[in-house]
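Asks: First the structure, then my questions, so here it is.
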Amino acid sequence: MLSRFRVALFACAAAGSLCAASAPAAEPLRPWMNQSLSADERATLVVKQLTEDEKLGLVFGYFATDADWKNNFKAPREGRYGSAGYIPGIDRLGIPPQWQTDAGIGVATQGAAPQKRERTALPSGIATAATWNPDIAFKGGEMIGAEARASGFNVMLAGGVNLARDPRNGRNFEYGGEDPLLAGTIVGSEIAGIQSNHIISTNKHYALNDLETGRKGHDARIDPAAARMSDLLAFQFAIERGDPGSVMCSYNRVNGDYACENQWILNDVLKRDWGYRGYVMSDWGATHSAVKAALGGLDQESGWPFDDAAFFGPALKAAIGSGQVPQARLDDMAQRILRSMFTNGLVDDPVPASAPIDFVADEAVSQADAEQAIVLLKNEGNLLPLGPDVRSIVVIGGHADKGVLAGSGSSLVYPRGGNAVPGIQPTSWPGPVIYYPSSPMAAIQALAPQARVTFVDGSDPAAAAAAAKAADVAIVVATQWSGEGFDVAMSLDGNQDALIDAVASANPRTAVVLETNAGVTMPWAAKVPAILEAWYPGRAGGKAIANVLTGKVNPSGHLPVTFAASESQLPRPVRPGGNKEEEAFPLPYTEGAAVGYKWFDKNDLQPLFPFGHGLSYTRFSFANPAAHANSDGSVSVSFMISNIGSSRGMDVGQVYVMPPAAGWEAPKRLAAFQKVDLAPGETKTVSVTVDPRLLATFDEASHQWRIVPGNYHFLVGDTSRGILPAAEINLPELTLPASWRPGPAAAAQAPQHGERGR
Ligand code: BGC
């Protein structure tokens with residue numbers, strides 16, 4: 001900055017006294033580079049300099065991968081090879097290009113690119129939500145954001161927070177589960193971690209893109225107030241916590257209009273009510289108009305040539321020329337994009353084209369996430385952890401001799417070392433099917449040197465059963481592959497149910513490890529004493545699984561989604577549509593805000609495993625719940641949690657709130673949570689703050705959050721079901737504007753990054 005002032009003064013000195021006389025004109029050449037100005041001021045200064053074509057350049061993004069399927073599109077040379085997107089910079093003003101990469105578990109490479117960028121994959125998003133640990137989420141975001149930066153990217157298309165309304169949604173693995181508070185907290189923390197690298201993260205896919213079937217045409221129909229208390233609330237929490245530079249609008253329609261030209265969700269809710277100052281970018285192929293989209297709140301069209309026309313190219317230029325779109329609206333788009341670039345450091349701290357990456361350290365971050373994400377669903381007779389007395393272990397199925405499964409689609413991160421199991425169909429979009437080279441079997445053997453560990457591939461249930469019979473313990477690794485652009489059955493792939501049944505019949509000491517998108521049916525559950533949900537556990541998943549199986553790590557994951565016993569329990573027992581992303585059909589979300597456990601509670605349904613559930617090798621107890629109301633409408637809840645077992649472990653203290661009378665979407669809501677690390681015999685007092693919006697319902701007519709007066713119950717425990725101790729408190733009537741957000745006082749009370757367990 002200073003050097004630019006100096007250049008101007010030297011130029012004057014050289015020009016002699018004439019120049020000196022006009023010394024006040026010695027303004028910095030680029031005043032927007034003055035870091036003491038606010039991001040808004042800096043953006044405004046740039047916008048003033050921009051030609052109309054430069055503004056239009058900022059709002060129009062290109063796909064950065066060659067696309068044979070779209071008129072042989074050739075990616076702009078300046079884009080980063082094989083990546084999702086590129087927006088040219090404005091060199092004359094010192095504004096860098098925007099180099100965009102997917103996604104939420106690491107730096108992806110587009111499937112169409114022959115050479116892959118090999119990077120570190122975190123566990124799936126739903127796995128990170130299962131940690132219930134915002135600190136882990138932040139660290140994961142920090143790691144993948146650093147790899148993005150070191151790979152030349154300054155925009156990361158991460159932050160997926162679509163609620164898991166349906167376990168069959170093929171992209172549940174990219175998101176944060178079914179609860180708005182948990183999902184928003186975890187995903188918001190990841191966004192903050194990514195952006196700590198001076199790059200932008202998105203928050204996506206806004207909104208209600210909760211099924212892949214018909215994602216490009218289905219119309220998510222939902223009562224607006226219910227949306228505010230469910231899917232929109234998850235985004236709201238994530239945005240408040242993570243402050244993403246951009247929000248990506250989704251493919252689907254919401255109450256009639258496409259999300260990327262939807263006045264209600266973009267202008268009214270996001271920009272007006274929530275005061276969002278960043279920019280809205282479209283998903284790749286989600287822009288459908290110039291005028292309606294521009295007026296509806298879209299700020300940047302992404303990924304040309306995915307859309308049918310270059311709407312924010314010539315069409316937008318013409319619409320501005322004719323006055324259909326005011327010039328001020330184009331200025332606002334440019335202002336928002338530039339503001340986020342300044343806010344997040346893209347201008348002051350430009351990304352290098354490439355930089356070294358410490359893959360060993362990054363893999364450790366991924367492993368730490370997986371170790372807290374794995375959920376011990378069942379452990380009858382303490383079959384786990386595997387003790388030193390176990391002399392023979394047969395590991396069956398799931399390619400566990402080679403690696404762990406990954407979810408596919410645009411978020412797929414290609415691993416160093418390549419695909420551990422190449423050749424599984426489909427090998428191209430929506431695949432490939434990738435296994436990360438982290439073998440659970442090898443890791444088990446390393447931790448159990450006293451035991452003979454063998455592998456059987458599981459393709460022949462009878463052979464697997466025979467091997468199980470001959471071993472002390474059988475471990476079946478079972479998988480459900482999922483990806484983008486399609487939905488999945490709520491079950492394991494192929495004949496794995498029969499395999500597990502046969503193995504468990506042959507050896508009662510059978511443990512099942514699941515690598516799945518979300519919940520699946522488990523017809524064998526009663527027969528199998530131990531079940532672990534490992535999700536897609538990421539680059540070091542094999543080690544994490546082995547560490548939990550052997551007790552080197554005490555499991556502490558808890559379900560961020562309800563595991564239904566059968567599809568008949570779901571709001572839509574039959575998944576709507578065929579299984580094509582282009583289908584168009586109405587998709588009424590009649591369950592409204594009663595998503596997941598709320599639906600199960602409301603309808604008194606017994607799930608297979610409830611939301612919040614997760615066992616440990618030690619035991620915990622909860623006591624002394626107390627609640628008091630704060631002046632801003634929030635409620636502070638405290639309780640004691642004790643480790644009453646014999647090993648160190650972490651538990652997730654969960655607070656659920658019940659209203660004084662019917663009127664909520666469900667009998668109770670998750671109100672707050674905190675993960676706690678406890679030595680045997682140790683007790684800690686936990687204090688959390690409940691956001692008043694979780695005590696309220698949204699009232700469309702008055703455009704307010706409303707807390708009804710009466711007695712509220714705050715239940716504490718480590719699951720959403722069971723008998724939980726409760727504190728009761730009387731709250732007065734209170735209304736809060738739709739624009740309410742936690743003030744500094746509430747934020748100070750709220751557990752911050754770094755204070756919520758390890
Ligand atoms: C996905 C987005 C992704 C984009 C760019 C779309 O198909 O829905 O999540 O960021 O592609 O690859």
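Asks: Out of SER410, SER392, which single residue is within 16 Å of the ligand (Cβ to nearest atom) and of a type in the set (S, T, N, Q)?
Replies: Working: SER392 fails: within 16 Å of the ligand (Cβ to nearest atom).
Result: SER410 is the single residue among SER410, SER392 that is within 16 Å of the ligand (Cβ to nearest atom) and of a type in the set (S, T, N, Q).
Asks: Something else about it: Consider the stretch 585-617. How many of its residues are buried (at least 19 other Cβ atoms within 10 Å of the Cβ), out of contact with any helix residue (DSSP H, G or I) (no Cβ under 9 Å at 6 or more places or on another chain) and part of a loop (DSSP other than H, G, I, E, B)?
Replies: 3
Asks: Can you tell me which of LYS527, LYS543 is within 22 Å of THR562 (Cα to Cα), open to solvent by 10 Å² or more (accessible area, probe 1.4 Å), among the charged types (D, E, K, R) and more than 18 Å from the chain's Cα centre (by Cα)? I'd like the intermediate steps shown before the answer.
Replies: Numbers: LYS543 fails: within 22 Å of THR562 (Cα to Cα).
Of LYS527, LYS543, the one residue that is within 22 Å of THR562 (Cα to Cα), open to solvent by 10 Å² or more (accessible area, probe 1.4 Å), among the charged types (D, E, K, R) and more than 18 Å from the chain's Cα centre (by Cα) is LYS527.
Asks: Being in a loop (DSSP other than H, G, I, E, B), crowded, with 24+ Cβ neighbours inside 10 Å and within 12 Å of the ligand (Cβ to nearest atom), is that true of even one residue in the stretch 253-275? Full working, then the answer.
Replies: Narrowing the stretch 253-275 to residues in a loop (DSSP other than H, G, I, E, B): 255-256, 262, 274-275.
Right, trim to crowded, with 24+ Cβ neighbours inside 10 Å and you get 262.
In the following step, the residues that additionally are within 12 Å of the ligand (Cβ to nearest atom) were identified as none.
No.
Asks: Can you find a residue in the stretch 435-455 that is part of a strand (DSSP E or B), at negative phi, open to solvent by 40 Å² or more (accessible area, probe 1.4 Å) and not polar (S, T, N, Q)? So that I can check it myself, show each step before the final result.
Replies: Within the stretch 435-455, the subset part of a strand (DSSP E or B) is 435-436, 452-455.
Okay, now just the ones that are also at negative phi, so 435-436, 452-455.
Cutting the leftovers down to open to solvent by 40 Å² or more (accessible area, probe 1.4 Å) gives us 452, 454-455.
Within this subset, residues satisfying the condition of being not polar (S, T, N, Q) are 452, 455.
Within the stretch 435-455, one or more residues are part of a strand (DSSP E or B), at negative phi, open to solvent by 40 Å² or more (accessible area, probe 1.4 Å) and not polar (S, T, N, Q).
Asks: So which residues in the stretch 300-316 are open to solvent by less than 10 Å² (accessible area, probe 1.4 Å) and away from the ligand (no atom under 16 Å from the Cβ)? Write out each step before concluding.
Replies: Step one: list which residues in the stretch 300-316 are open to solvent by less than 10 Å² (accessible area, probe 1.4 Å), which gives 300-303, 305, 307, 312, 316.
Matches in the stretch 300-316: PHE312, LEU316.
Asks: Could you check, for the stretch 241-248, whether at least one of its residues is at pLDDT 95 or above, away from the ligand (no atom under 16 Å from the Cβ), more than 26 Å from PHE585 (Cβ to Cβ) and among the basic types (Lys, Arg)?
Replies: Residues of the stretch 241-248 that are at pLDDT 95 or above, as a first pass: 241-248.
Now drop any that are not away from the ligand (no atom under 16 Å from the Cβ), which leaves 241-243.
Now drop any that are not more than 26 Å from PHE585 (Cβ to Cβ), which leaves 241-243.
Narrowing the set further to residues that are among the basic types (Lys, Arg) leaves 241.
Looking for residues that are at pLDDT 95 or above, away from the ligand (no atom under 16 Å from the Cβ), more than 26 Å from PHE585 (Cβ to Cβ) and among the basic types (Lys, Arg), one finds at least one in the stretch 241-248, hence yes.
Asks: Still on this structure: Just wondering, is there one or more residues in the stretch 286-295 that are more than 18 Å from ILE239 (Cβ to Cβ), in contact with a Lys or Arg (Cβ under 9 Å, 6 or more places away or on another chain) and within 16 Å of the ligand (Cβ to nearest atom)?
Replies: yes
Asks: Right, another one. Is it the case that the stretch 463-478 has a residue that's open to solvent by 40 Å² or more (accessible area, probe 1.4 Å), more than 16 Å from the ligand (Cβ to nearest atom) and within 17 Å of GLU515 (Cα to Cα)? Before you say what the answer is, go through the steps one by one.
Replies: First, the residues of the stretch 463-478 that are open to solvent by 40 Å² or more (accessible area, probe 1.4 Å): 463, 466, 469-470, 472.
If we keep only those that are more than 16 Å from the ligand (Cβ to nearest atom) as well, we get 463, 466, 469-470, 472.
Add one more test, that the residue is within 17 Å of GLU515 (Cα to Cα), and what stays is none.
Among the residues of the stretch 463-478, not one is open to solvent by 40 Å² or more (accessible area, probe 1.4 Å), more than 16 Å from the ligand (Cβ to nearest atom) and within 17 Å of GLU515 (Cα to Cα), which makes the answer no.
Asks: Among the residues of the stretch 427-450, how many are farther than 15 Å from GLU118 by Cβ, within 16 Å of the ligand (Cβ to nearest atom) and not aromatic (Phe, Trp, Tyr)? Show your work before the answer.
Replies: Start the filter on the stretch 427-450 by keeping residues that are farther than 15 Å from GLU118 by Cβ, which leaves 427-431, 433, 439-450.
If we keep only those that are within 16 Å of the ligand (Cβ to nearest atom) as well, we get 428-431.
Those left that are additionally not aromatic (Phe, Trp, Tyr): 428, 430-431.
Qualifying residue count for the region: 3.
Asks: Only residues that are part of a loop (DSSP other than H, G, I, E, B) and either more than 16 Å from the ligand (Cβ to nearest atom) or open to solvent by 10 Å² or more (accessible area, probe 1.4 Å) (or both): list them for the stretch 397-406, please. Explain how you work it out, then say what you get.
Replies: We begin by selecting, within the stretch 397-406, every residue part of a loop (DSSP other than H, G, I, E, B); these are 397-403, 406.
Correct list: GLY397, GLY398, HIS399, ALA400, ASP401, LYS402, GLY403.
Asks: Can you tell me which residue is nearest to LYS543 (Cα to Cα) among those in the stretch 106-121 that are more than 12 Å from the ligand (Cβ to nearest atom) and either open to solvent by 10 Å² or more (accessible area, probe 1.4 Å) or hydroxyl-bearing (Ser, Thr, Tyr) (or both)?
Replies: Residue satisfying both the conditions and the ranking: THR120.
Asks: Right, another one. Quick one: which of ASP68, ASP135, ASP91, ASP53 is in contact with a His (Cβ under 7 Å, 6 or more places away or on another chain) and away from the ligand (no atom under 15 Å from the Cβ)?
Replies: Values: ASP68 fails: in contact with a His (Cβ under 7 Å, 6 or more places away or on another chain); ASP91 fails: in contact with a His (Cβ under 7 Å, 6 or more places away or on another chain); ASP53 fails: in contact with a His (Cβ under 7 Å, 6 or more places away or on another chain).
ASP135 is the lone residue from the list that is in contact with a His (Cβ under 7 Å, 6 or more places away or on another chain) and away from the ligand (no atom under 15 Å from the Cβ).
Yes/no per residue for (1) over 30 Å from ASP389 (Cα atoms); (2) part of a helix (DSSP H, G or I); (3) of a type in the set (D, E, K, R); (4) modelled with pLDDT of 95 or more:
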| position | (1), (2), (3), (4) |
| --- | --- |
| LEU499 | no, yes, no, yes |
| ASN517 | yes, no, no, yes |
| VAL520 | yes, no, no, yes |
| GLY557 | no, no, no, yes |
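Asks: Could we say that ALA489 is aliphatic (A, V, I, L, M), assigned to a loop (DSSP other than H, G, I, E, B) and open to solvent by 30 Å² or more (accessible area, probe 1.4 Å) here? Explain how you work it out, then say what you get.
Replies: Numbers: aliphatic (A, V, I, L, M): yes; assigned to a loop (DSSP other than H, G, I, E, B): yes; open to solvent by 30 Å² or more (accessible area, probe 1.4 Å): yes.
Against the criterion (aliphatic (A, V, I, L, M), assigned to a loop (DSSP other than H, G, I, E, B) and open to solvent by 30 Å² or more (accessible area, probe 1.4 Å)), ALA489 qualifies.
Asks: Restricting the first residue to the stretch 586-602 and requiring it to be closer than 16 Å to MET658 by Cα, which pairs with a second residue that is part of a helix (DSSP H, G or I) meet a Cβ separation below 6 Å and a spacing of at least six or different chains?
Replies: Qualifying pairs under 6 Å: ALA593/ALA226; ALA594/LYS602.
Asks: Oh, and also: What's the total number of residues in the stretch 89-127 that are of a type in the set (A, V, I, L, M, F, W, C), assigned to a loop (DSSP other than H, G, I, E, B) and within 16 Å of the chain's Cα centre (by Cα)?
Replies: Kept after step one, since they are of a type in the set (A, V, I, L, M, F, W, C), are these residues of the stretch 89-127: 90, 93, 95, 99, 103, 105, 107-108, 112-113, 121-122, 126-127.
With the extra rule that they be assigned to a loop (DSSP other than H, G, I, E, B), the set shrinks to 103, 105, 107-108, 112-113, 121-122.
Among the residues that remain, those that are also within 16 Å of the chain's Cα centre (by Cα) are: 103, 105, 107-108, 121-122.
Counting residues in the stretch 89-127 that are of a type in the set (A, V, I, L, M, F, W, C), assigned to a loop (DSSP other than H, G, I, E, B) and within 16 Å of the chain's Cα centre (by Cα) gives 6.
Asks: Given the condition within 16 Å of the ligand (Cβ to nearest atom), under 26 Å from the mean Cα position of the chain (by Cα) and open to solvent by 40 Å² or more (accessible area, probe 1.4 Å), answer yes or no: does some residue in the stretch 326-344 qualify? Even if it seems obvious, please write down each step before you answer.
Replies: Restricting attention to the stretch 326-344, the residues satisfying the condition of being within 16 Å of the ligand (Cβ to nearest atom) are none.
No, the stretch 326-344 contains no residue that is within 16 Å of the ligand (Cβ to nearest atom), under 26 Å from the mean Cα position of the chain (by Cα) and open to solvent by 40 Å² or more (accessible area, probe 1.4 Å).
Asks: Within the stretch 67-87, restricting attention to residues that are part of a loop (DSSP other than H, G, I, E, B) and polar (S, T, N, Q), which residue is modelled with the lowest pLDDT? Let's see the steps before the verdict.
Replies: We begin by selecting, within the stretch 67-87, every residue part of a loop (DSSP other than H, G, I, E, B); these are 68-72, 74-82.
Okay, now just the ones that are also polar (S, T, N, Q), so 71-72.
On the way: ASN71: 90, ASN72: 94.
The selected residue is ASN71.
Asks: Another one. Within the stretch 196-216, can you find the residues that are among the small types (Gly, Ala, Ser) and more than 15 Å from the ligand (Cβ to nearest atom)?
Replies: Within the stretch 196-216, the subset among the small types (Gly, Ala, Ser) is 196, 201, 207, 214.
If the condition is that a residue be among the small types (Gly, Ala, Ser) and more than 15 Å from the ligand (Cβ to nearest atom), then SER196 is the only one that fits.
Asks: Separate question: Kindly provide the set of residues from the stretch 149-195 that are within 16 Å of the ligand (Cβ to nearest atom), farther than 25 Å from LEU514 by Cβ and part of a helix (DSSP H, G or I), ordered by number.
Replies: ILE191, ILE194
Asks: Now for a different question. Take the conditions away from the ligand (no atom under 16 Å from the Cβ) and open to solvent by less than 10 Å² (accessible area, probe 1.4 Å) and apply them to ALA220. Does it pass?
Replies: It is false that ALA220 is away from the ligand (no atom under 16 Å from the Cβ) and open to solvent by less than 10 Å² (accessible area, probe 1.4 Å).
Asks: Regarding GLU142, is this residue open to solvent by 10 Å² or more (accessible area, probe 1.4 Å), under 22 Å from ALA420 (Cβ atoms) and not aromatic (Phe, Trp, Tyr)? Write out each step before concluding.
Replies: On the way: open to solvent by 10 Å² or more (accessible area, probe 1.4 Å): yes; under 22 Å from ALA420 (Cβ atoms): no; not aromatic (Phe, Trp, Tyr): yes.
Spelling it out, it is not the case that GLU142 is open to solvent by 10 Å² or more (accessible area, probe 1.4 Å), under 22 Å from ALA420 (Cβ atoms) and not aromatic (Phe, Trp, Tyr).
Asks: Enumerate the pairs (first residue in the stretch 43-56 and assigned to a helix (DSSP H, G or I); second residue anywhere and open to solvent by 70 Å² or more (accessible area, probe 1.4 Å) and of a type in the set (Lys, Arg)) with beta-carbon separation below 6 Å, excluding pairs fewer than 6 apart on the same chain, so at least 6 apart or on different chains.
Replies: The qualifying pairs are LEU56/LYS317.
Asks: Then there is this: How many residues are under 21 Å from the mean Cα position of the chain (by Cα) and among the polar types (S, T, N, Q) when one looks only at the stretch 502-524?
Replies: Taking the stretch 502-524 and keeping what is under 21 Å from the mean Cα position of the chain (by Cα), we get 514-520.
Of the ones still in play, those that are also among the polar types (S, T, N, Q) are 516-517.
Qualifying residue count for the region: 2.
Asks: Go through the stretch 646-664 residue by residue and tally those that are open to solvent by 20 Å² or more (accessible area, probe 1.4 Å) and in contact (Cβ under 8 Å) with a residue 40 or more places away in the chain. Before you say what the answer is, go through the steps one by one.
Replies: The first filter runs over the stretch 646-664 and keeps only residues open to solvent by 20 Å² or more (accessible area, probe 1.4 Å), leaving 646-648, 650, 658-664.
Within this subset, residues satisfying the condition of being in contact (Cβ under 8 Å) with a residue 40 or more places away in the chain are 647-648, 650, 658-661, 663.
Going through the stretch 646-664 one residue at a time, the tally reaches 8.
The values are calculated or read from the model by the stated rules, or taken from the named source; none is laboratory data. Everything numeric here is computed off the predicted structure, so don't read it as measured data. In this analysis, Cβ positions are derived from the backbone assuming ideal geometry, glycine residues included, and neighbour counts consider all displayed protein chains. These accessible areas exclude ligands, DNA and RNA; they are computed on the full protein's heavy atoms, side chains included. Shrake-Rupley method; radii C 1.70, N 1.55, O 1.52, S 1.80 Å.
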